[in-house]
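For reference, the structure is listed below as structure tokens.
The values are calculated or read from the model by the stated rules, or taken from the named source; none is laboratory data. Predicted model only: the values in this text are computed from it and were never measured. Reconstructed Cβ throughout: ideal geometry from the backbone, glycine too, with neighbour counts over all protein chains shown. What goes into the accessible areas is simple: the full protein's heavy atoms, side chains included, and nothing from ligands, DNA or RNA. Shrake-Rupley method; radii C 1.70, N 1.55, O 1.52, S 1.80 Å.
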Amino acid sequence: MSQQFDVVVIGGGPGGYVAAIRASQLGFKVACIDEWKNAAGGPAPGGTCTNVGCIPSKALLQSSEHYEQANHHFAEHGITVKGLGLDVGTMIGRKDTVVKQNNDGILYLFKKNKIAFFHGRGSFVKAVEGGYEIQVAGASEETLVGKQIIIATGSNARALPGTPFDEVNVLSNDGALRLGAVPKKLGLIGSGVIGLEMGSVWRRLGAEVTILEGLPTFLGAVDEQIAKEAKKAFDKQGLKIELGVKVGEIKTSKKGVSVAYTNAKGEAIDLEVDKLIVSIGRVPNTIGLNTEAVGLQLDERGAIVVDADCKTNLPGVWAVGDVVRGPMLAHKAEEEGVAVAERIAGQHGHVNFNTIPWVIYTSPEIAWVGRTEQQLKADGVAYKAGTFPFLANGRARALGDTTGMVKFLADATTDEILGVHIVGPMASELIAEAVVAMEFKASAEDIARICHAHPSLSEATKEAALAVDKRTLNF
Ligand code: FAD
Ligand code: NAI
């Protein structure tokens, strides 16, 4: 006998588990199926984000930043550290504890919201009267019928053609987050978000890091001025980033990995490293879903085809998060999950793609929302720009971190904020104010007139807004 549900969610990452919670809040009988296993084989909901993405990477970024501070920056505060040591095992163990706290938190949320959780792989069997039959295989073996199906099966790391991940020498984000020791030499392919975050972790811990990037531009999606400032800081830290390279043959041996590549000048180079992280993007994951059984449409990238409302080509089947178009970000997946649950309930779920913030958690952090200066130029929009450096911010001086700036871009006529770009301390937190402002269609003048606490980094945001009208007070 199959179990009947109003909504069956396949995938328990940020897109799936949040959709399940919202659907339950709206009064539906909900099931969520997730196949991720912890080291003991038990359930570990939370997806890529919780297990091998956002959460563990931020845990290691924090630990490695503490080490970097103790190693290089405590002295300027008059704090002497003698016999500083590094226990990678403990650091990785702490990261694993943080991950487990999040897995357990999600299991608790399932209980609290009366969501039936099934640990195993969900796949389509067939369309039935008023819904779809879904088979669960794994620890839970069940047949479910859902009137509505939400697919949130996420993404997997993209491998270089001919070089599969062995997670010993050639690492995806998974292996990169559980190295047992600091490699003497670490290579990374791709200077995108993962390349920069993971490269930063292992550089801070003592690895000699080389990042090989195929494109000639550094962080092409980031505002050029901000990317330039970030690159200056990374160069100073000793993060070696080579742009415009063509990666050739990759050979692994007991000694490590050898990467043949051609640099921007056309010179052939062999890079010998102990470990290689490949971070060249991610591919949507529909493995095992048995999409053919119901005729679910995929695009040429393997992503599930959806419309603006996350509706697939099948009635009553929705898809959200990394498995569909749009940025591969946890908060984008969550917003889509909530919106879909609300649409199923007949409400008007809404996701504003123009105000999705991006954050790169390096040091300095990079965060932005809205359009870059180069995009505004390409779109032919008349704009005004205002910047304010953290060098002139009292709180940044007190913190001892004055790298970077806040930059506002506002419409030349209406003064509406079109983009805010930050490189510097706590950019990840500061960007929230800009997101709120843009969501409410604020002008730069609005932010400039709002009282900001002193001394705080957020004063740099206010000052950058004042700079749009060329009237900064402290610079
Ligand atoms: P996922 O999180 O991938 O979850 C999908 C879940 O579905 C998984 O648990 C999977 O096991 C399960 N599943 C798949 N198929 C089936 C099936 N057939 N049956 C049952 N279960 C199935 N984003 C940010 O916003 N901020 C960050 O700081 C950030 N850091 C990141 C760091 C790294 C190293 C990586 C790799 C990614 C990072 N991301 C970050 C991206 C973020 O992790 C993803 O955008 C997010 O996890 C996508 O959520 P999702 O729910 O779509 O998919
Ligand atoms: P990415 O798309 O950010 O960067 C990939 C980089 O690899 C690009 O610069 C690309 O030009 C380069 N590249 C591609 N093929 C190459 C090749 N053959 N040789 C050399 N360079 C090559 O992808 P990444 O870093 O793998 O991360 C995947 C996604 O995960 C991100 O796009 C983001 O959505 C998400 N993520 C988000 C984080 C955050 O929000 N802080 C942190 C980490 C990941």
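The table below lists the values:
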{"read-out": "Only Lys, Arg (+1) and Asp, Glu (-1) charged, at Cβ; segment 355-468 dipole about Cα centre in debye", "value": "200 debye"}
{"read-out": "Highest-first arrangement of 298-311, 210-223, 321-334, where packing means the average Cβ count within 10 Å", "value": "321-334, 210-223, 298-311"}
{"read-out": "For segment 355-468, accessible area per residue (1.4 Å probe, heavy atoms of protein chains only), Å²", "value": "40 Å²"}
{"read-out": "Ordering of 451-464, 69-82, 233-246, 344-357 by burial proxy (mean other Cβ atoms within 10 Å per residue, highest first)", "value": "451-464, 233-246, 344-357, 69-82"}
{"read-out": "Per residue solvent-accessible surface (Å²) - segment 170-280, probe of 1.4 Å", "value": "44 Å²"}
{"read-out": "Listed residue (460, 394, 450) projecting farthest to the positive dipole end of segment 355-468, Cβ model", "value": "394"}
{"read-out": "FRET efficiency, residue 309 to residue 80 (Cβ-Cβ, R0 56 Å, nearest 0.05)", "value": "0.40"}
{"read-out": "Rough spin-label spacing in nm, given labels placed 7 Å along Cα→Cβ, for residue 185 and residue 70", "value": "2.9 nm"}
{"read-out": "Potential lengthening between residue 270 and residue 249 on full extension [0.36 nm per residue; Cα-Cα distance subtracted]", "value": "6.6 nm"}
{"read-out": "Under 5 Å, built H, 5+ apart or other chain: amide partners of residue 118", "value": "32, 33, 34"}
{"read-out": "DSSP beta bridge pairing in segment 143-281, given as percent antiparallel to the nearest 5", "value": "45 percent"}
{"read-out": "Cβ charges +1 (Lys, Arg) and -1 (Asp, Glu), total dipole of the chain, debye", "value": "780 debye"}
{"read-out": "Cα centroid of segment 338-353 to Cα centroid of segment 186-235, whole Å", "value": "36 Å"}
{"read-out": "Tensor-based shape of segment 355-468 (alpha-carbon gyration tensor, a/c under 1.5 rounded, otherwise prolate or oblate)", "value": "prolate"}
{"read-out": "With every protein chain in place, segment 170-280: carbon and sulfur % of accessible area (1.4 Å)", "value": "52 percent"}
{"read-out": "Above-threshold pairs, the threshold being 24 Å between Cα atoms, out of 228/332; 58/332; 37/114; 377/407; 58/100; 384/441", "value": "228/332"}
{"read-out": "DSSP-defined beta bridges in the chain - what % are antiparallel, rounded to 5", "value": "60 percent"}
{"read-out": "Estimated inter-spin distance, residue 235 and residue 263, nm [label 7 Å along Cα→Cβ]", "value": "1.4 nm"}
{"read-out": "Residue 441 versus residue 38: modelled label distance in nm, points set 7 Å from Cα along the beta carbon direction", "value": "4.8 nm"}
{"read-out": "At least 15 Å along the helix axis (C-alpha) and Kyte average at least 0.0, DSSP helices within the chain", "value": "14-25, 193-204, 427-439, 458-468"}
{"read-out": "Residues whose placed amide H lies under 5 Å from that of residue 154, excluding near-sequence neighbours", "value": "285, 322, 323"}
{"read-out": "Positive-end extreme of charge dipole, segment 355-468 - chosen from 385, 417, 359 (charges on Cβ)", "value": "385"}
{"read-out": "Dipole of segment 55-150, positive direction: furthest Cα of 109, 122, 138, with charges on the beta-carbon", "value": "109"}
{"read-out": "Stokes-Einstein diffusion coefficient of the chain, Kirkwood radius over Cα pairs, 20 °C, 1.002 mPa s, in µm²/s", "value": "89 µm²/s"}
{"read-out": "Rg over Rh, two decimals, segment 180-304 (C-alpha only, Kirkwood Rh)", "value": "1.07"}
